[in-house]
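Asker: Here it is, the structure in full.
No value in this document is a laboratory result; all are computed from the given coordinates. Here the structure is a predicted model, which is why all the values come from computation and not from measurement. Cβ: placed from backbone, ideal geometry, glycine included. Neighbour counts: every protein chain shown.
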Amino acid sequence: MTAVSDHLNDIAASFDENAFPVPTGREESWRFTPMRRLRGLHVGAESRGGVTYRSDSGAEFVQRVPRGDAALAPAAAPTDRVSAIAWTAFDEAAVITVPDGAVVDEPIRVTVAAAGQPHAFGQIVVNLGAHSRSTVVIDHTGSGAYAGDVTVRAGDGAEATVAVLQQMADDAVLVGHVRAVVGRDAVVRCVAVTLSGDVVRLSSSVQYDAPGGDAQMLGAFFAGAGQHQEHRLFVDHSAPNCRSDVTYKGALAGAKAHTVWIGDVLIRASATGTETYETNRNLVLTEGARADSVPNLEIETGEVAGAGHAAATGRFDDEQLFYLQSRGIPADEARRLVVRGFFADIVRRIGVPEVEDALMASVDAELTGTLPGGGV
């Protein structure tokens, strides 16, 4: 299949892995990624499948289907070689379907367990019916090297939160892409929470099928010593009167902890009345950790309701610690409170208690023994 070109940065899109050259790390889209630690995921598939799906709640909305099933009709072609490889190498996918008009009170939760050697591949499709209401939680677990995408299709008027967690083993590699297609007047909150893994590279993208769509892209991540966590976002405003709000917060602690956040927002000439803002905040807790943040905004029309971006990276605030300690709070507890306060806004906006609990538990665990003074 011939590759086609996307608008921003001339991105190729194809289901054929051979349409993409093997990345070397010198390409703009791969320059931050530690290629030697990807375990060959970017080269080719040495195995197939290797993934199991477990429905922890809401099983009646989840089905497992083989490749080639009609339910797997893709929303868009892959835009990088790893996604193309994953599309051709998976054996079974999980399809989550919320019927039109359905109101699902309890979260629909699917755990993706990667156990294939040396590689594992999977796919998840989330179909949100028109005017439905739901919450979906996808939890990536396991070890080894995993590649797989999550496709979210939101029908007209749908309202949903789709949370994607990365809680794999400390030596695991994950490369994935979350693609959301937002229908007319639909509201989709896509949440990415990365808490572990040796290397995690997660892309997220949004496209609008009709006017009135609202996409909220929220993310939280905590990188420990030696971990590389990379989040890349692309919001493609092509329909009028749509909205996007991108907010990611991350913390780093430990030698050679490295996080990367890339935020691309494109407002096409046809997307009049667009309102968008993207924000990234990083908190560096120890020496030897590094955070890279690159926000990009491209506007092709002057008729926008509002557009902007911001990014900042800061170190631990000693004044906040001093204030808390002067009120009688021990140093260990004061440090924990400062970090919890940093994540408080994201936690509040996620709105999924089990995701919030996982994030804060990971924060507490990572802080233990990594900060001056001996942890929490």
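Asker: With springs only between Cα atoms under 10 Å, which of Gly341, Gly226, Gly213 fluctuates most in a Gaussian network model of the chain?
Answerer: Gly341
Asker: Can you tell which of Val294, Val162, Val178 shows the greatest fluctuation in a Gaussian network model of the chain with Cα springs below 10 Å?
Answerer: Val294
Asker: Quick one: plug the Kirkwood hydrodynamic radius of region 241-304 (C-alpha pairs) into Stokes-Einstein at 37 °C, 0.692 mPa s, and report D in µm²/s.
Answerer: Values: Rh = 13.4 Å.
The calculation lands on 245 µm²/s.
Asker: Work from the charge dipole of the chain (Cβ charges, +1 for Lys and Arg, -1 for Asp and Glu, about the Cα centre) and give the residue of Ala192, Phe322, Ala19 farthest towards its positive end.
Answerer: In the chain, that residue is Phe322.
Asker: Follow-up. Among 271-284, 191-204, 117-130, what's the highest-first ranking by average C-beta atoms within 10 angstrom per residue? Present the calculation step by step, with values, prior to reporting the outcome.
Answerer: On the way: 271-284: 21.0, 191-204: 24.6, 117-130: 23.1.
Answer by packing, highest mean first, reads 191-204, 117-130, 271-284.
Asker: Share of antiparallel DSSP beta bridges in region 4-316, in percent to the nearest 5?
Answerer: Percent antiparallel among DSSP bridges in region 4-316 is about 10.
Asker: Could you tell me which of Gly263, Val235, Ala158 has its Cα farthest along the dipole of the chain towards the positive end, charges placed at Cβ (Lys, Arg +1; Asp, Glu -1), taken about the Cα centre?
Answerer: In the chain, that residue is Gly263.
Asker: What order, most packed first, do the peptides 217-224, 163-170 have when packing is the mean number of other Cβ atoms within 10 Å of each residue?
Answerer: Working: 217-224: 25.8, 163-170: 20.6.
Averaged packing, sorted descending, gives the order 217-224, 163-170.
Asker: Once you charge only the Cβ atoms, +1 for Lys and Arg and -1 for Asp and Glu, what is the size of the charge dipole of region 78-182 about its Cα centre, to the nearest 20 debye?
Answerer: Details: 5 positive and 12 negative charges, 38 e Å.
Computed charge dipole of region 78-182: roughly 180 debye.
Asker: Rounding to the nearest 20 debye, state how big the charge dipole of the chain is about its Cα centre with +1 on each Lys and Arg Cβ and -1 on each Asp and Glu Cβ. Don't skip to the end; give the middle numbers.
Answerer: Values: 31 positive and 48 negative charges, 127 e Å.
I would put it at about 620 debye.
Asker: What do you get for trypsin sites (Lys or Arg not before Pro) in region 315-355 restricted to DSSP loop and a cutoff of at most 12 other Cβ within 10 Å of the site's Cβ? Can you show the working numbers first?
Answerer: Working: sites: Arg315, Arg327, Arg335, Arg336, Arg340, Arg348, Arg349; in loops: Arg327.
The qualifying sites are Arg327.
Asker: Still on this structure, I have one more. Taking +1 at the Cβ of each Lys and Arg and -1 at the Cβ of each Asp and Glu, which of Val363, Pro78, Val304 sits farthest along the dipole of the chain towards its positive end, judged by Cα position relative to the Cα centre?
Answerer: Of the candidates, Val363 comes out farthest on the positive side.
Asker: Which helices count as membrane-span-like in the chain under these terms: full DSSP H, at least 24 Å along the axis by C-alpha, Kyte-Doolittle mean of 0.0 or more? Walk me through the intermediate numbers first.
Answerer: Numbers: long enough: 331-350 (28 Å, 0.15).
Membrane-span-like by this rule: 331-350.
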